[in-house]
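Down below is the structure, laid out as structure tokens.
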């Protein structure tokens, strides 16, 4: 069942406050961001024939 907008906003606010205040959760969030950029860089690099660790590819993937 869908949550009312005010309840959903409160839930999301609490969730984000926890994620950024608990070091283990904040670290996991950063790790996931890096993993996502690396995955996108692999796909882009493969598509254009460059290494995934090429600076321009990483900038594009992280943008």
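Within region 12-41, no residue that is part of a helix (DSSP H, G or I) sits with its Cβ atom under 6 Å from a residue that is at pLDDT 95 or above and surrounded by fewer than 10 Cβ atoms within 10 Å (Cβ to Cβ) at 6+ positions apart or across chains. Residues in region 42-53 that are surrounded by 11 or more Cβ atoms within 10 Å (Cβ to Cβ), outside any helix (DSSP H, G or I) and more than 20 Å from the chain's Cα centre (by Cα): 50, 51.
The values are calculated or read from the model by the stated rules, or taken from the named source; none is laboratory data. Keep in mind the model is a prediction, meaning the values are calculated, not measured. All Cβ positions, even for glycine, are placed from backbone atoms using ideal geometry, and neighbour counts span all protein chains on display.
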